[in-house]
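Q: Below are the structure tokens for one structure; questions will follow.
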Amino acid sequence: MSYPLAWTIQAILDSEIMKIAINEKRIIMTFDRDYGELIFRHNYKPEQGVIYLRLDKYQPHEPGLIIEEIITNKEIDITRTLTVVDKNGIRKENINKPKSRRPKQLFGENSPNCLNRFL
């Protein structure tokens, strides 16, 4: 099964990656917090969503496992959202609405089992 991920190893601007993802309908996954600013301050609207991994410590294989769980879990819809994964769980912010003070908390203590080891 394949997923529409935007992938780059070149040094290009975040805004360029965002444009590519929007034009090609790709998911962005990143460790870079700047994508939230591009969405909420500069009005970029990536339809497929952005997954921001805000992890302090992890093994090299763990981000891939987290991404796999998020995009295959039917309980998690990342379309048109900034999805943040951090030590407190997974939360989503709808990119088509003004940024709220309280993003929707998807999982915390009740995260899917395969995510608990990362959070």
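Q: Name the residues in the range 81-97 that are surrounded by fewer than 18 Cβ atoms within 10 Å (Cβ to Cβ) and either touching a residue at least 40 places away in the same chain (Cβ under 8 Å) or within 21 Å of Ala21 (Cα to Cα) (or both), would you?
A: Asn94, Asn96, Lys97
Q: A further question on this structure: What's the total number of residues in the range 50-80 that are closer than 18 Å to Arg26 by Cβ, in a loop (DSSP other than H, G, I, E, B) and in contact (Cβ under 8 Å) with a residue 40 or more places away in the chain?
A: 1
Q: If you don't mind, another one. What's the total number of residues in the range 55-67 that are among the charged types (D, E, K, R) and surrounded by 14 or more Cβ atoms within 10 Å (Cβ to Cβ)?
A: Filtering the range 55-67 for residues among the charged types (D, E, K, R) gives 56-57, 62.
Next, from what is left, pick out any that are surrounded by 14 or more Cβ atoms within 10 Å (Cβ to Cβ): 62.
Of the residues in the range 55-67, 1 are among the charged types (D, E, K, R) and surrounded by 14 or more Cβ atoms within 10 Å (Cβ to Cβ).
Q: Also: Need pairs with beta-carbon distance below 8 Å; first residue farther than 19 Å from Ile71 by Cα and within the range 1-21, second at pLDDT below 85 and in a loop (DSSP other than H, G, I, E, B); sequence gap 6+ or separate chains.
A: Cβ pairs passing all conditions: Ile17/Ala6; Ile17/Thr8; Ile20/Ala6; Ile20/Thr8.
Q: Can you pull out the residues in the range 26-49 that are under 11 Å from Leu82 (Cα atoms), in a loop (DSSP other than H, G, I, E, B) and without any contact (Cβ under 8 Å) to a residue 24 or more places away in the chain?
A: The answer is Arg33, and nothing else.
Q: Taking the range 68-80 on its own, how many of its residues are buried (at least 20 other Cβ atoms within 10 Å of the Cβ) and more than 13 Å from the chain's Cα centre (by Cα)?
A: Here the count works out to 0.
The values are calculated or read from the model by the stated rules, or taken from the named source; none is laboratory data. None of the values given here were measured: they were computed from a predicted structure. All Cβ positions, even for glycine, are placed from backbone atoms using ideal geometry, and neighbour counts span all protein chains on display.
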